[in-house]
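Let me begin by presenting the structure, written as structure tokens, before commenting on it.
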Amino acid sequence: MMIYKTLAFWIGSIIFILYGYSSCRLYKPFAYFIFGLMIWSLTWPDAFSITFFTQPTYKMATRGIEVHLVDLCSIVLFLYLIRTSRNRQIHSIPPTTLPQLAFILVAIMSWMLVEGSVANPLATHPKLQFTLGMTRVLELNMYPLYEISKLLRGLLVFWVTANFARDAKAIRIVVFIFSVLLMYFTAKSLFLRYGMGIHRVSAGIGHYNNFNTFVGLMGAFILPWAFATKNIFKSAVYWMLILCALVCIILTISRTALAAFGLMCIVGTPILLLRYLDMKNLFFIFLGCLAVAAIGLKSADALLERFTQLNPTAASLTQRTLLNNEAKMMARDFILGVGMGNFSAWSMLRYAALSQAEVGNFAHNSFYLTMAEVGYLGLAAFVMYWLRYIQIGWATFRQRIHESDEANFCTIMGVNLAVVFLLPQLWFQFTYRATPVYMLVHILLGIGVAQYLNIRDARPKQAPQRVRLSRLPS
């Protein structure tokens with residue numbers, strides 16, 4: 001039966017790609033529909049995907065080689081962009097592509113050095129065999145392929161977005177989809193919490209920390225539009241969406257996401273007020289503060305119980321420190337790391353006993369996790385990637401802040417605020433590795449790079465001066 005399902009999936013995928021590409025060629029606005037579908041499909045990571053060679057009981061962010069609707073949409077747009085390259089400027093190597101390729105190369109080199117499959121020593125453990133021991137064979141040579149396949153998929157999504165999302169229509173689609181999704185997630189989260197009694201909601205994105213990162217990124221992107229919109233009704237809708245993102249984050253009862261969202265607002269609000277200081281925005285900021293205070297009072301008991309009793313902050317930090325120490329041990333013993341996705345396996349095989357960390361867990365700090373799995377060389381490529389985008393985001397922001405085009409300014413400001421929100425998450429959470437979050441981040445970074453390319457391509461190019469041989473001195 002599984003063979004027939006797989007065959008049906010591949011036939012359907014080929015039909016979708018051919019039909020989508022043909023429709024884009026015959027009717028150009030259909031390409032914007034595919035772009036919107038690529039973003040919208042991330043909301044249902046399980047419903048629109050199929051996973052091959054999966055190990056669902058193994059503890060890692062990616063548990064198989066995934067093929068998702070977002071991949072099919074990106075392939076359609078890739079073919080469309082290549083076919084229409086005569087009518088639009090295509091950048092074969094957009095900025096930040098090279099650091100991404102360097103990181104992928106290191107990940108492949110690390111995978112080539114890993115061992116084969118080994119027996120799980122916890123499979124017969126009396127207390128852990130029904131949790132970590134359920135994965136009886138640790139396929140050390142397969143887990144890196146799961147992550148490497150995701151890296152390649154993310155690179156394609158980034159490339160497509162950087163080359164496609166370069167006009168106002170594409171940005172309007174992003175804003176519209178984010179707005180609809182934030183309202184949908186808020187309604188679903190409230191129903192799950194108060195209608196079904198679920199204590200920490202995830203609304204279909206997987207782990208609740210994946211969910212709060214996902215909505216936080218969308219909320220950060222929307223914030224500049226709330227300030228810039230002149231129409232008071234539309235502005236009120238945008239401010240309501242910011243509140244929706246905050247409600248979703250609170251309902252996940254997450255320390256890091258809540259602090260990161262607050263940091264994003266603290267960084268973004270003064271900058272935006274310098275450009276959009278008026279009574280409308282001051283009024284909505286006042287109402288927002290009242291709403292935050294009311295939500296805080298309503299949620300105070302649940303938050304305090306979570307942060308002081310169920311999972312005390314001090315104990316959580318201690319456990320994360322132990323996991324970071326475990327990562328240092330792995331990076332010390334393996335020149336190119338243990339292989340992407342193999343942290344949990346090596347924790348069970350050796351390092352949990354040495355570090356006294358939780359058995360089979362993995363570092364929540366994305367930088368330490370990267371260092372353990374692909375070594376210091378991979379960590380350098382990972383850091384270089386983020387430094388390169390921060391440089392691009394800052395340069396684009398400095399250019400756009402002096403321009404009168406509000407849409408362009410709001411776009412780059414929204415992407416930069418999303419990065420501000422994400423950076424604390426990278427330090428304290430593993431959510432960046434989760435497929436929906438990973439793809440959304442690459443879409444947002446692609447939008448930011450597209451803004452940078454628009455500025456760079458608009459600069460006048462000086463023709464090289466030619467010197468006639470007859471004018472040269474004899």
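Backbone geometry of region 314-322 corresponds, through the Karplus equation with coefficients 6.51, -1.76 and 1.60 at θ = phi - 60°, to 3J(HN,Hα) couplings of 4, 5, 5, 5, 4, 5, 5, 5, 5 Hz, x marking Gly and Pro. Placing +1 on each Lys and Arg Cβ and -1 on each Asp and Glu Cβ, with no other charges, gives region 95-453 a dipole about its Cα centre of roughly 460 debye.
Looking only at chymotrypsin sites (Phe, Trp or Tyr not before Pro) in DSSP loops with at most 15 other Cβ atoms within 10 Å, what is the longest site-free stretch of the chain?
Working: sites that count: Tyr27, Phe53, Phe130.
Result for the longest clean stretch: 131-474.
Ranked for footprinting exposure by Cβ neighbours inside 10 Å, fewest first, His442, His364 give His364, His442.
Counting pairs of Cα atoms in region 138-186, how many percent are more than 16 Å apart? Write out the running numbers ahead of the final one.
Numbers: 731 of 1176 pairs.
Cα-Cα pairs of region 138-186 separated by over 16 Å account for 62 percent.
Using only alpha carbons, region 1-154 has a radius of gyration to Kirkwood radius ratio (Rg to Rh) of 1.06. Using only the alpha-carbon atoms of region 95-453 as identical scatterers, what base-10 log of I(q)/I(0) does the Debye formula give at q = 0.07, 0.15 Å⁻¹? At q = 0.07, 0.15 Å⁻¹ the computed log10 ratios are -0.33, -1.33.
Two numbers describe the Cα atoms of region 357-437: Rg and Dmax, which are 16.0, 55 Å.
Each value in this text was obtained by applying a stated rule to the coordinates, not by laboratory testing. Fair warning: this is a prediction, and the values are worked out from it, not measured in the lab. Note that each Cβ is placed from the backbone with ideal geometry, even for glycine, and that neighbours are counted across all protein chains shown.
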